Number of protein chains: 4
Amino acid sequence: MNDEHTTVGALRRMMADFVAEREWEPFHDAKNLAASIAIEAAELMEHFQWLRSDQLAKVQGDPKALGEIRDELADITAYVLSFANAMDIDLSSALAEKMAKNAKKYPVERFRGRFD
Amino acid sequence: MNDEHTTVGALRRMMADFVAEREWEPFHDAKNLAASIAIEAAELMEHFQWLRSDQLAKVQGDPKALGEIRDELADITAYVLSFANAMDIDLSSALAEKMAKNAKKYPVERFRGRFD
Amino acid sequence: MNDEHTTVGALRRMMADFVAEREWEPFHDAKNLAASIAIEAAELMEHFQWLRSDQLAKVQGDPKALGEIRDELADITAYVLSFANAMDIDLSSALAEKMAKNAKKYPVERFRGRFD
Amino acid sequence: MNDEHTTVGALRRMMADFVAEREWEPFHDAKNLAASIAIEAAELMEHFQWLRSDQLAKVQGDPKALGEIRDELADITAYVLSFANAMDIDLSSALAEKMAKNAKKYPVERFRGRFD
């Protein structure tokens, strides 16, 4: 599996199958899954907790840290996909529509290299 | 765009283009993006903050809430994809490998309907 | 030490001394401390991650879980106090003023037993 | 009210009274309050979301941002105190005991100016 050839739908089915086999749907309500995304996001943050902006390259050279970061990002992704499954949200169209709104909110000419 | 026909790679390029056009890469370091995922996850949680487990169906019947939830999930997804771009992580293989580990950690027979 | 006889200022000094002895002030900037509060809050959430509202009493009867929860709450408190130290914010007056605003925003007659 | 002369117990009673007057105890279970701490922590993080470590002084010179940060810290504190009320945890002794553990875990000689 790789990002070039894998659809979002295929990843969603992988998650749905994993959850269904274990009959975990009753736990996977929207409230619990939203909290789970936040919990995993915090574990990702932990890898950068005390690093200054100019120290972040350190992580790139640390294979153990990189492996853990990759796993944390996978955990977040798992819950994002499960949330989409639980609420029946099409992620690709949700993202495309949100980014179209953001493109209007942040026109290129006005926001090049800045946020405000 | 929809999940059945959209690859993760296509979504990643959509995000990369958006960020590159605005020259936002300097802001999009791993530390800031991890915090951004957590910030958006908290905004998603906010929709369920005071609801008991048995009240969650209320949200499903509320089109305004559903639209906001869809937008929040899109925001989280945007930062997950940007994080994958910033750290050059293949999300599909990261997820497949993490779920293979989870399948070993939570064998179906032992964990059907339970977590512990 | 107990809440009846301990001032917020005494707790703030306990934290300031701990940090100063270790010369950790350079790490304890506002951005890192805000993230640290969020990280510890997520660890607290984890104890309730998959529990339905009607299962929360289980935790109250579990001394091991209670001990861990108490430690997580202490961790959050430690970073809240350190943040107040780093930004020179008086917590007691900040809270009193915010709750005065909240009292106006949520008048008792209108919000008894409800949030909206 | 100020930190020098205000006990943690006094702040806890302020919160308990606010909640009791509005009969909000049924909403204020441990799971919801833990999520609420995380939600408010994320709002605090938002003020530093895109700032590099060397740009944090900007916030100190911005009275509007400082006022908002003070309010966010008050919100976090409010939920920490409410959590302590809901679970009947003495914050001062919980903190003192956790910091005693931390003092053993991070002896001064070994951890001066470093975390690992």
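The values are calculated or read from the model by the stated rules, or taken from the named source; none is laboratory data. For clarity, every value in this text was computed on a predicted model and none was experimentally measured. Positions of Cβ are backbone-derived with ideal geometry, glycine not excepted, and every protein chain shown enters the neighbour counts. Please note that ligands, DNA and RNA were not included when accessible areas were found on the heavy atoms of the full protein model with its side chains. Shrake-Rupley method; radii C 1.70, N 1.55, O 1.52, S 1.80 Å.
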Seminar exercise, completed: Placing one equal point scatterer on each C-alpha of segment D:48-116 and summing with Debye, one gets log10 I(q)/I(0) at q = 0.21 Å⁻¹ equal to -0.93
Seminar exercise, completed: Rounded to the angstrom and largest first, Cα extents along the principal axes for chain A equal 46, 39, 31
Problem set entry | Over chain C, relative contact order from alpha-carbon pairs under 8 Å, at least 6 apart, % | 37
Seminar exercise, completed: Ranked output for segments C:5-11, D:76-82 by mean other Cβ atoms within 10 Å, highest leading, reads D:76-82, C:5-11
Exercise. When chain C is modelled as a GNM with alpha-carbon springs shorter than 10 Å, which of C:ALA65, C:ALA16, C:ALA86 fluctuates the most?
Worked result: C:ALA65
Problem set entry | Per residue solvent-accessible surface (Å²) - the protein assembly as shown, probe of 1.4 Å | 44
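Would you mind checking the pairs A:LYS98/B:LYS58; C:LYS31/C:LYS98; A:LYS98/B:LYS104; A:LYS31/B:LYS64; C:LYS105/D:LYS98 and listing those with alpha carbons more than 29 angstrom apart?
The answer is A:LYS98/B:LYS104; C:LYS105/D:LYS98.
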For this session: Enumerate the residues in segment D:24-51 having an amide nitrogen under 20 Å from the point lying 7 Å beyond the Cα of C:LYS58 toward its Cβ.
Result: D:28-35
Problem set entry | Estimated Rh, the protein assembly as shown: Kirkwood, alpha-carbon pairs, angstrom | 23.1
Exercise. Across peptide B:19-32, what mean number of C-beta atoms from other chains lies inside 10 Å of a residue's C-beta?
Worked result: 6
Seminar exercise, completed: Ignoring ligands and nucleic acids, chains B and A bury, in total, an accessible area (1.4 Å probe) to the nearest 100 Å² of about 6700
Seminar exercise, completed: With one decimal in nm and the nearest listed first, the spacings from D:GLU109 to its own position in the other copies, using label points 7 Å along Cα-to-Cβ, are 5.4, 6.7, 6.8
Exercise. How well do other chains shield peptide B:59-68, expressed as the mean number of their Cβ atoms within 10 Å of each residue Cβ?
Worked result: 1
For this session: Could you grab the relative contact order for segment C:10-78? Cα pairs under 8 Å, six or more apart, rounded to a whole percent.
Result: 39
For this session: Heavy atoms only, probe 1.4 Å: what % of the accessible area of the protein assembly as shown goes to carbon and sulfur, would you let me know?
Result: 52
Exercise. Which whole number gives the average count of other chain Cβ atoms within 10 Å of the Cβ atoms across peptide C:99-109?
Worked result: 3
Exercise. According to a simple spin-label model (label point 7 Å from Cα along Cα-to-Cβ), what is the distance in nm between C:ASN2 and C:ASP88?
Worked result: 3.6
Exercise. Could you give the dipole magnitude of chain D about its Cα centre, charging the beta-carbon of Lys and Arg +1 and that of Asp and Glu -1, in debye to the nearest 20?
Worked result: 760
